[in-house]
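Here the structure is laid out as structure tokens; the discussion comes afterwards.
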Amino acid sequence: MYALRLPAKALLILVSLFFVCEARRATAQSCGARGVAVQVLGSGGPELEDKRASSSYLVWENGKARVMVDAGGGSALRFGESDAKMSEVDIFLFSHFHIDHSGDFPALIFSSWFEDRKHPLPIFGPPGNEYMPSTTEFVGDLFSEPHGAWRYLSDLVTPDSPGGYQLQPHNVDAGAVPVVVFRNSELAVYAVRVIHGAFPALAWRVEIGGKRIVFSGDTNGEGEGLTLLATNADIFVAHNAVPEGATGVERRLHMPPSVIGTIAGNAHVKQLVLSHRMLRTLGKEKETQVEIRRRYSGPMAFANDLDCFPLK
Ligand SMILES: [Zn+2]
């Protein structure tokens with residue numbers, strides 16, 4: 001009797017394990033399988049103590065990650081966990097070049113080196129100043145000969161290199177009114193300059209599959225540009241890096257919840273996602289929500305790594 005029952009039990013366990021594994025795999029692949037979705041790869045800021053990857057997002061359409069925004073530390077691993085393929089990413093957008101937005105970029109590019117990507121990867125980001133490289137300088141400082149840190153991959157930035165796969169960085173000198181930066185038959189991308197202390201920074205709007213997706217990037221929310229960019233957005237991903245009442249440098253760099261709420265409300269966004277959660281805002285979700293609710297009444301969520309927001 002036992003001889004028969006034990007194998008049956010073992011078989012049952014094996015079958016269950018198979019389905020659990022398959023379910024996990026299905027969950028990992030489920031973001032954006034149909035229609036348009038935004039996936040948060042990194043919901044944290046620079047602090048590793050928060051156990052979150054730093055700022056990074058994917059825009060999915062019908063099972064493909066078409067647009068990537070930022071690549072903070074930890075995002076390369078999350079990218080792998082999301083089952084996205086670098087060879088399928090149409091364009092890469094940088095909000096700015098603080099490490100928590102760009103630190104994993106070389107890891108992603110080296111991974112893509114092993115994929116069968118033949119077409120160029122356009123990369124858009126801000127111009128530089130005395131504190132930050134421009135987008136072309138950033139990519140060049142990583143991969144160009146003779147001084148690039150990883151010049152062994154200089155084929156990636158050498159025009160007409162034999163591999164065919166090229167990084168094509170562009171500096172986007174956007175002003176306070178949104179401008180179109182990239183357009184093909186399926187997607188359009190707009191940028192506006194935002195204020196992030198002394199650091200050149202951009203907010204981005206991606207239009208794909210009839211949806212408008214807006215990323216604030218890091219900004220103190222000054223000016224009308226972000227509100228214009230976010231007008232009627234299907235989803236607005238805003239950075240919740242400082243609590244209400246922040247002052248000094250923190251406030252010069254980031255927008256408190258009241259400012260996020262004002263922008264979301266004035267722009268009539270259909271959904272608000274709060275990301276770039278730092279130790280100083282984690283645990284203050286209730287207070288944050290109260291401030292935002294005074295100014296914006298639509299759906300809102302606090303993001304965690306790998307969260308997927310399908311757009312209906
Ligand atoms: Zn940041």
Inset, instruction - Determine the shape class of the stretch 166-270: with a ≥ b ≥ c the square roots of the Cα gyration tensor eigenvalues, call it rounded for a/c under 1.5, and otherwise prolate if a/b is greater than b/c, oblate otherwise. - result: oblate
Legend entry - Gained length - E224 relative to V177, 0.36 nm times residue gap less alpha-carbon distance: 16.1 nm
Inset, instruction - Give K51/K286; K118/K270; K51/K211; K211/K284; K64/K286 a once-over and call out the pairs whose C-alpha atoms are over 28 Å from each other. - result: K118/K270; K51/K211; K211/K284; K64/K286
Inset, instruction - With a length cut of 18 Å (Cα positions projected on each helix's long axis) and a Kyte-Doolittle mean of at least 0.0, go through the chain and give me the DSSP H helices that pass. - result: 2-29
Legend entry - Nonlocal amide H pairs with Q168, under 5 Å, H built at 1.01 Å: L121, I123
Legend entry - Relative contact order, percent, the stretch 110-155 [alpha-carbon distance under 8 Å, six or more residues apart]: 18
Inset, instruction - Would you calculate the separation in nanometres between label points at Q289 and E244, each defined as 7 Å from the Cα along the Cα-to-beta-carbon direction? - result: 1.4
Legend entry - Reachable aspartates and glutamates, given that their alpha-carbon falls under 19 Å from the alpha-carbon of K85 and they are not under 8 places away in the same chain: E61, D70, D104, E115, D116, E186, D305, D307
Inset, instruction - Could you run the Karplus curve 6.51 cos²θ - 1.76 cosθ + 1.60 with θ = phi - 60° over the stretch 230-236 and give me ³J(HN,Hα) per residue in whole Hz, x for Gly and Pro? - result: 8, 3, 6, 5, 6, 8, 10
Legend entry - Value of D in µm² per second that Stokes-Einstein yields for the stretch 31-311, Kirkwood Rh from Cα pairs, at 37 °C (0.692 mPa s): 177
Inset, instruction - Work out how much length E145 to S87 would gain on full extension: take 0.36 nm times their residue separation and subtract the Cα-Cα distance, in nm to one decimal. - result: 18.5 nm
Inset, instruction - Can you tell me how much longer the chain between L77 and S185 gets when fully stretched, taken as 0.36 nm per residue apart minus their C-alpha distance, in nm with one decimal? - result: 35.8 nm
Inset, instruction - Quick one: pull the percent of accessible area on the chain belonging to carbon and sulfur, 1.4 Å probe, ligands and nucleic acids left out. - result: 57
Legend entry - Neighbourhood charge, 10 Å Cβ-Cβ cut-off, centred on V38 and excluding it, Lys, Arg +1 and Asp, Glu -1: -1
Inset, instruction - Among the GluC sites (Glu not before Pro) in the stretch 97-196, which ones are in a DSSP loop with at most 15 other Cβ atoms within 10 Å of the Cβ? Mind listing them? - result: E115, E130, E186
Inset, instruction - Kindly report the accessible area of the stretch 31-311 per residue (heavy atoms of protein chains, probe 1.4 Å, no ligands, DNA or RNA), in Å². - result: 40
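The values are calculated or read from the model by the stated rules, or taken from the named source; none is laboratory data. Owing to the predicted nature of the structure, the values given are computational and were not obtained by experimental measurement. Backbone-built Cβ (ideal geometry, glycine too); neighbour counts: all protein chains shown. What goes into the accessible areas is simple: the full protein's heavy atoms, side chains included, and nothing from ligands, DNA or RNA. Shrake-Rupley method; radii C 1.70, N 1.55, O 1.52, S 1.80 Å.
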